[in-house]
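The values are calculated or read from the model by the stated rules, or taken from the named source; none is laboratory data. None of the values given here were measured: they were computed from a predicted structure. A quick note on method: Cβ atoms are made from the backbone with ideal geometry, for glycine too, and the neighbour counts reach across all protein chains shown.
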C-alpha cells in the first residue's frame, strides 16, 4: 500500500509539477486512511453514521500544539484536496477536528459521496509532504 502512495505522489508531481506544501515536516512513513466506512459502502439515509480515522507512524495533537510528527484530521466531503501550502478551509466540505478527534458522526443526503482525509499541522496547513488518505466513494440510500 505504501508503494502505491509513493507512486501516487510521484504521478501527482509529474502531472502538476512540484506540490507546494506547508513548512511542517511529515514523517516519511506516515499513513492516513479511513477505517470506516469502506470504499463502496451503502449507508442508510436519514440518520448519522460513524466515520473513523486511521493513522500510523504519526501522532494526533490538537490545533495550536506544535509538536514534531503530529497533526490533526480534516475530513473532506465531496471535494478535492485543498492547496497544500494554504490553510485548509473550514466549511461543510472541509470538516476540522482540531481537538484531536479520531472519529465523527455525519449525516449526508441520499446519493453518491466522496470522503477523504488530510492531516493539518498546528495551524491547519498540510504537512510537507501532505499526508492524505485515498478518496473513497459511498452511497447513501
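Do you know which residues across the range 41-68 are under 18 Å from residue 137 (Cβ atoms) and in contact with a strand residue (DSSP E or B) (Cβ under 7 Å, 6 or more places away or on another chain)? Quick ask: steps written out before the conclusion?
So in the range 41-68, the residues under 18 Å from residue 137 (Cβ atoms) come out as 41-45, 49-54.
Hits for the range 41-68 are 41, 42, 43, 45, 49, 50, 51, 52, 53, 54.
Table: residues versus (1) exposed (fewer than 15 other Cβ atoms within 10 Å of the Cβ); (2) touching a helix residue (DSSP H, G or I) at 6+ places or on another chain (Cβ under 8 Å); (3) closer than 22 Å to residue 43 by Cα.
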residue: 85; (1), (2), (3): yes, no, no
residue: 93; (1), (2), (3): yes, no, yes
residue: 99; (1), (2), (3): yes, no, no
residue: 103; (1), (2), (3): yes, no, yes
residue: 110; (1), (2), (3): yes, no, yes
residue: 117; (1), (2), (3): no, no, yes
residue: 127; (1), (2), (3): no, no, no
residue: 132; (1), (2), (3): no, no, no
residue: 136; (1), (2), (3): no, no, yes
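Inspection of the range 78-97 finds a residue satisfying the criterion of being modelled with pLDDT under 95 and touching a strand residue (DSSP E or B) at 6+ places or on another chain (Cβ under 7 Å). Looking only at residues of the range 76-110 that are assigned to a strand (DSSP E or B) and touching a residue at least 40 places away in the same chain (Cβ under 8 Å), we find that the one that is nearest to the chain's Cα centre (by Cα) is 76.
Run down 73, 113 and say which single residue is closer than 27 Å to residue 23 by Cβ, free of Cβ contacts under 8 Å to residues at least 60 places away in the same chain and not in a loop (DSSP other than H, G, I, E, B).
Details: 113 fails: closer than 27 Å to residue 23 by Cβ.
One residue alone meets the criteria, 73.
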